[in-house]
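Each value in this text was obtained by applying a stated rule to the coordinates, not by laboratory testing. Please read these numbers as outputs of a predicted model, since none were measured by experiment. FYI the Cβ positions are ideal-geometry reconstructions off the backbone, even for glycines, and counts take in every protein chain you see.
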Amino acid sequence: MAATRYRRFLKLCEEWPVEETKRQRDLGTFLRQRVAQAFREGENTQIADPETCDRMYESLVRIHTNYYKNKYPRLKDTSFTGVTVEDCKMILATDILKQMEDMKKGTWKKLREKFYAKKPEEDSK
């Protein structure tokens, strides 16, 4: 039975999209890592709690298939702030978050990093 569970999780991992804009913060990437950890021995892995494993799988399938989005349709594609889904995706992209983090730094900290950071060439001398 563990082999069947393993194959089902692998199929779900294959179907789950990976968002390239969210490097190392993507749910699909996290899911793949967790499945690899949980099933270290592949089909031969012994599952301690099969019921919990099945519930987790079913929950992930509901997320993947947009079960609740379809069950409870929204009237508008925006939130109370008026931000659209595309805007949210853009704002949550890793590159944009890094730019925002850099903007938060004060001028003094930026100058200190710029002038006091050792360059790789200096380390080798």
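When both the range 40-59 and the range 1-19 are represented by their alpha-carbon centers, they are found 11 Å apart. A straight Cα-to-Cα reach below 16 Å connects Lys104 with the aspartates and glutamates Asp95, Glu113, residues fewer than 8 places away in its own chain not being considered.
Mind sorting out which of (i) 8.4; (ii) 13.6; (iii) 19.0 is the real mean projected area of the Cα convex hull in nm² computed from the coordinates? This structure yields the entry labelled (ii).
Using just the helices of the chain, give the 222 nm mean residue ellipticity in deg cm²/dmol: DSSP H runs with n ≥ 4 each add -39,500 (n - 2.57), and the total is spread over all residues, rounded to 500.
On the way: 8 runs with 78 residues, N = 125.
Dividing the helical sum by the residues of the chain leaves -18000 deg cm²/dmol.
Over the chain, Cα pairs under 8 Å with separation of 6+ residues give a relative contact order of 25 percent. Lys/Arg Cβ at +1, Asp/Glu Cβ at -1, dipole of the range 1-73 taken about the Cα centre: which of Pro73, Leu12, Cys53 is farthest positive-ward? Checking the options against the dipole of the range 1-73, the answer is Pro73. Distance between the 7 Å Cα→Cβ label points at Glu15 and Thr81: 3.2 nm. Take the Cα of Glu51, step 7 Å toward its Cβ, do the same at Leu111, and the gap between the two points is 6.5 nm. Going by alpha carbons, how many degrees (0 to 90, nearest 10) lie between the helix axis of 2-15 and the longest principal axis of the chain? Approximately 50 degrees, to the nearest ten. What distance in nm separates the simple spin-label points at Asn70 and Ile91, each placed 7 Å from Cα in the Cβ direction? Label at Asn70, label at Ile91, 2.9 nm between them.
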